[in-house]
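Visitor: The structure that follows is given in the form of structure tokens.
The values are calculated or read from the model by the stated rules, or taken from the named source; none is laboratory data. Since the structure is predicted, the reported quantities are computational estimates derived from the model, not experimental observations. Note that each Cβ is placed from the backbone with ideal geometry, even for glycine, and that neighbours are counted across all protein chains shown. Heads up: the accessible areas ignore ligands, DNA and RNA and are worked out on the full protein's heavy atoms, side chains in. Shrake-Rupley method; radii C 1.70, N 1.55, O 1.52, S 1.80 Å.
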Amino acid sequence: QVHLVESGGGLVQPGGSLRLSCAASGTTFSITAMGWYRQAPGKQRELVAIITSGGSINYADSVKGRFTISRDNARNTVALQMNSLKPEDTAVYYCYQYRPSTGAGFWGQGTQVTVSS
């Protein structure tokens, strides 16, 4: 069974940085695509960044140049480095894993990120 556990959320002032991490278990991590989504109160969940098994990366326009996604296949982890944070980045951030071989997707429990002075 796939298990995704996020960590690293918290409260940060505007302009600050946070690093989110997601540890995955229960699957062959290297063949999956990994991503981060976020959901702000009253809004739909949206893609933040995604990295494929081959290392291709896509970012939401709103975070380009500020956020960096990376993966460590040896440790079965994916990270999201968030710099120059803005109040509008406030949301619950979810780790997501996609298995192309089956079309199945899996979610972590989410971690709160709050950007406020």
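Visitor: Under a Cβ-Cβ cut-off of 15 Å, what is the net charge of the residues other than Leu18 that fall near it, where Lys and Arg count +1 and Asp and Glu count -1? Please list the in-between numbers first.
Guide: Numbers: positive: Arg19, Arg38, Arg66, Lys86; negative: Glu6, Glu88, Asp89.
Charge balance in the 15 Å sphere: +1.
Visitor: Still on this structure, I have one more. For Ser7, put the label point 7 Å out on the Cα→Cβ axis and report which residues of segment 19-53 keep their amide N under 12 Å from it.
Guide: 20-24
Visitor: Next question, about the same structure. Along the Cα→Cβ direction, 7 angstrom out, place labels at Ser62 and Ala40. What is the inter-label distance in nm?
Guide: 0.5
Visitor: Name the trypsin sites (Lys or Arg not before Pro) in segment 1-84 that are in a loop by DSSP and that have at most 16 other C-beta atoms within 10 Å, would you?
Guide: Filter output for segment 1-84: Lys43, Arg45, Lys64, Arg66, Arg75.
Visitor: Please report the carbon-and-sulfur percent of the accessible area for segment 32-117; probe 1.4 Å, protein heavy atoms only, DNA, RNA and ligands left out. It would help to have the intermediate numbers written out before the result.
Guide: Details: 1990 of 4340 Å².
After summing per-atom areas, the C and S share lands at 46 percent.
Visitor: Now for a separate question. Hey, how much of the P(r) for segment 12-115 falls beyond 23 Å, as a percent of Cα pairs? It would help to have the intermediate numbers written out before the result.
Guide: Working: 1192 of 5356 pairs.
Here the tail beyond 23 Å accounts for 22 percent of pairs.
Visitor: In whole Hz, what ³J(HN,Hα) sequence does segment 89-105 give by Karplus (6.51, -1.76, 1.60; θ = phi - 60°), x for Gly and Pro?
Guide: Running phi through 6.51 cos²θ - 1.76 cosθ + 1.60 with θ = phi - 60° gives 7, 4, 4, 8, 9, 10, 7, 9, 10, 10, 9, x, 5, 10, x, 8, x Hz.
Visitor: Next up: Rolling a 1.4 Å sphere over the protein heavy atoms, what is the accessible area per residue of segment 1-73, to the nearest Å²? Don't skip to the answer; put the middle values down first.
Guide: Working: 3870 Å² over 73 residues.
On a per-residue basis, segment 1-73 sits at 53 Å².
Visitor: Right, another one. By how many nm would the segment from Ser117 to Asn73 grow when fully extended, if each residue of separation counts as 0.36 nm and the alpha-carbon distance is taken off? Mind showing how you got there, number by number?
Guide: Numbers: separation 44, 0.36 × 44 = 15.84 nm, distance 3.61 nm.
That pair, Ser117 and Asn73, stretches by 12.2 nm at full extension.
Visitor: Additional query: Would you grab the residues whose amide H sits under 5 Å from the one on Thr90? Only those 5+ places off in sequence or on another chain, please, with H modelled 1.01 Å from N.
Guide: Result for Thr90 returns Val115.
Visitor: At a Förster radius of 30 Å, what calculated FRET efficiency corresponds to the Cβ-Cβ distance of Arg99 and Arg19, to the nearest 0.05? Working shown, then result.
Guide: Numbers: r = 25 Å, r/R0 = 0.84.
About 0.75, to the nearest 0.05.
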